[in-house]
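The structure appears below as structure tokens.
Laboratory data are not the source of any read-out in this text; all were calculated from the coordinates shown. Quick caveat, the model's predicted, so the values are computed rather than measured. Glycine also receives a Cβ, built like all others from the backbone with ideal geometry; neighbour counts cover every protein chain displayed.
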Number of protein chains: 2
Amino acid sequence: MSKSRDPIGVFDSGLGGLTVVKAIRALLPGEDIHYFGDLARLPYGTKSREQIIRFSIQNTEFLMRQRIKALVVACNSSASAAYAVLRRRFSLPVVDVITPAAREALLASPSGRIGLIATRATVESGAYDKALRALNPRSRIYSAACPLFVPLVEEGMAADRLTQLMAVRYLAPLMRKKIDTLILGCTHYPLLAKVLKQVLPRGVHLVDSARPTVQGLAEILSQHGLKNGRGRKGKLSIYVSDKPRSFTEIGERFLGEKLSHVEVVRR
Amino acid sequence: MSKSRDPIGVFDSGLGGLTVVKAIRALLPGEDIHYFGDLARLPYGTKSREQIIRFSIQNTEFLMRQRIKALVVACNSSASAAYAVLRRRFSLPVVDVITPAAREALLASPSGRIGLIATRATVESGAYDKALRALNPRSRIYSAACPLFVPLVEEGMAADRLTQLMAVRYLAPLMRKKIDTLILGCTHYPLLAKVLKQVLPRGVHLVDSARPTVQGLAEILSQHGLKNGRGRKGKLSIYVSDKPRSFTEIGERFLGEKLSHVEVVRR
């Protein structure tokens, strides 16, 4: 039986999901968080659906052994391939990043012409299309897989001229469709917001899934009586399957605070 | 006891090692080859030394179960981290891609001023520096980690203008050192030869490890009486830990022939 004092589990293929953790720490500061980043096997977005499902189940099993009360699938590639499987397989509240971002995009878009940028796995899954159409059948979604954005961000090139050139290329087909809202369908992309704004016409809304996801999470914890008491400061424990050299630098860029309590879990 | 009819084992983090397989098929056409590509966990070059060693041992154990008579570590990141460990741990001839490429570079370089481009893991290991200095203490090596080259090649952008811009940036520090020879220290890079030649001053030699590695392999098989008979056509069996959508296209680009006998081995 889950208890309100149990931690929230969050997993991602890498450290990008720390943007979601950052939002949890802002909105639900009393919660303990157990984060798992699968750095040994990242990226997920270039791999097959079957493989992403296997990895996602393994990551969830790891977090379940730590008695989490709710799970956030922070990785868009995992959420798009494995969300339904994880919900069926594990008996705890599971929140993904896709439906909340789809809702937010509909709220932000006057015309209903919505763009999506994401990994190849996420785009090809059609998960965002499905979520948007379920919410509003008249919405139109135009997607672009942007496989080089993750390595560019990981290399610290988020503000680089080459990243801007790449963004021009990736976004041109979406701009021709006159989108007024763009979903950042990967936890790495919030770091590209500045470059994307330079490339997009003024007035296009950027939708980042971290905030709406945490809105939904907060709602679910309340409904299930699982919220941890106010006033206490929650503890963040970070588990990773590998700790490459640039680990701390990249992690702190996403989390916006110092990394501590990091443990390497070898597979 | 290894027999001449047993297959040769080759592993790489992905499909780039098929450039080495292509050279084996050209020079040793009678040999059966068992190739393992760890597509579920690639890339290796961004990961920690410990992790790369673990993966390399697992890959070798998989090939050993198939009774290989010799092992080629086609992945530069694996070779630079794990070659000594694999030699100690497994009792069969192990050939890596680093020493053969270092020899070839010394043979090609009149001035002894040699450049290396490779993944971050390979550059930081210092394996090429060590191999070159062991062969000729007066050689000078200048290295540049080129982490974006692998994703650019995987995205089919080997001939793209953006790849050229990236190459200019990566190679500029090496060109200032007046290198006359450049080691392509990653199995993906032979596909970039054209772009690299456009960027480099005329006359700089490119050294690709595939051919010298297979030279060394052929020598070892002869010495140990392990060469398979002439006249027969060797069989190529490919094992991969994942089969993403672009698998066949990328694989055939490296191998230069149709992919067949592919089996997915889930982990």
For this session: Take the Cα radius of gyration of region B:46-154 and divide it by 2.2 N^0.38 Å, with N its residue count; two decimals is plenty.
Result: 1.13
For this session: May I ask you to work out the translational diffusion coefficient for region B:144-200 at 25 °C, viscosity 0.890 mPa s, via Stokes-Einstein with Rh from the Kirkwood sum over Cα pairs, reported in whole µm²/s?
Result: 216
Seminar exercise, completed: Once the in-chain neighbours fewer than 8 apart are removed, the lysines whose Cα is under 18 Å from B:Lys258 read B:Lys22, B:Lys233, B:Lys235, B:Lys243
Exercise. Comparing A:Val199, A:Val94, A:Val240, which has the greatest mean-square fluctuation in the GNM of chain A with Cα pairs linked when under 10 Å apart?
Worked result: A:Val199
Seminar exercise, completed: Output row, site B:Arg49, 7 Å Cα→C-beta label point, backbone N cut-off 15 Å, window region B:129-143, residues B:129-131
Problem set entry | C-alpha center-to-center spacing [region B:7-82, region B:119-196] in angstrom | 20
Exercise. Using every alpha carbon pair in the protein assembly as shown, what percent of pairs falls into each 20 Å bin from 0 up to the bin containing the largest distance?
Worked result: 22, 51, 25, 3
Exercise. Once every DSSP H run of n ≥ 4 in chain A is given -39500 (n - 2.57) and the sum is divided by its residues, what mean residue ellipticity at 222 nm do you get, rounded to the nearest 500 deg cm²/dmol?
Worked result: -13500 deg cm²/dmol
For this session: Quickly work out the B:Thr248-to-A:Arg176 label distance, labels modelled 7 Å from Cα along the C-beta direction, and quote it in nm with one decimal.
Result: 2.8
Seminar exercise, completed: Rg/Rh of region B:98-208 (Cα atoms, Kirkwood Rh), to two decimals, equals 0.94
Exercise. Which of the lysines could be linked to B:Lys178 by a straight reach, that is with a Cα gap under 24 Å, when you skip same-chain ones fewer than 8 residues away?
Worked result: B:Lys130, B:Lys194, B:Lys197
Exercise. By the scheme Lys and Arg +1, Asp and Glu -1, what is the net charge of all other residues having a beta-carbon under 14 Å from that of B:Glu249?
Worked result: +1
For this session: Of all alpha-carbon pairs in chain B, indicate the percentage at a distance above 28 angstrom.
Result: 30
